[in-house]
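Contents: one structure, followed by commentary.
The values are calculated or read from the model by the stated rules, or taken from the named source; none is laboratory data. Quantities reported herein were computed from a predicted structural model and do not represent experimental measurements. Here Cβ is always computed from backbone atoms with ideal geometry, including for glycine, and neighbour counts include all displayed protein chains. Surface accessibility is based on the protein's heavy atoms, side chains included, excluding ligands, DNA and RNA. Shrake-Rupley method; radii C 1.70, N 1.55, O 1.52, S 1.80 Å.
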Amino acid sequence: MTADCLFCRIVAGEIPATVVQSTDRVLAFRDIDPKAPVHVLVIPREHHADVASLAAADPALAGEVLAMAGEVATAEGLRDDGFRVIFNTGPNGGQEVFHVHAHVVGGRPLGRMLPS
Ligand code: 5GP
Ligand code: ZN
């Protein structure tokens, strides 16, 4: 637990969240400001700053995050029409919360991957 980390505080139950899936190592909850009909964040319970740090420190845990992202997509009915998994990383990546999280977004056409 990192005391000043928003998502560590969600893991600790100090800040409420709408949890959709949970294991002893990974948690999925709805984004507070959804950008699509389905917008779920998947995080490891343990604090890692970003996806590169997580993958380097604990590749199995990174795999568990990805596995839950896929399970969330299935549970939310996104598998047929498709969806997107996003790890914003660092300032240029638009990362605002420095506890690694996968965005699972879908439920409408998401357009091009990046604005050109
Ligand atoms: P980032 O820009 O770091 O990739 O994404 C951070 C995400 O966290 C944003 O989509 C934002 O809406 C979401 N978020 C920020 N604060 C909270 C919160 O307190 N609860 C939940 N559920 N999501 C949050
Ligand atoms: Zn954290």
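Remarks
- Within the stretch 62-82, residues that are on the phi < 0 side of the Ramachandran plot reach partners that are in a helix (DSSP H, G or I) with beta carbons closer than 6 Å, at six or more positions or on different chains, in the pairs 62/54; 62/55; 79/73.
- The residue of the stretch 56-74 that is most open to solvent (accessible area, probe 1.4 Å), among those that are of a type in the set (A, V, I, L, M, F, W, C) and within 16 Å of ligand 2 (Cβ to nearest atom), is 57.
- Hits in the stretch 35-55 (condition: touching a residue at least 12 places away in the same chain (Cβ under 8 Å), farther than 12 Å from residue 99 by Cβ and open to solvent by less than 80 Å² (accessible area, probe 1.4 Å)): 36, 38, 39, 40, 52
- Of all residues making up the stretch 94-116, the number that are within 19 Å of residue 5 (Cα to Cα), open to solvent by less than 60 Å² (accessible area, probe 1.4 Å) and assigned to a loop (DSSP other than H, G, I, E, B): 6
Here is a yes/no grid of residues against (1) among the small types (Gly, Ala, Ser); (2) near ligand 1 (Cβ under 8 Å from one of its atoms):
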residue	(1), (2)
5	no, no
15	no, yes
21	no, no
26	no, no
30	no, yes
33	no, yes
36	yes, no
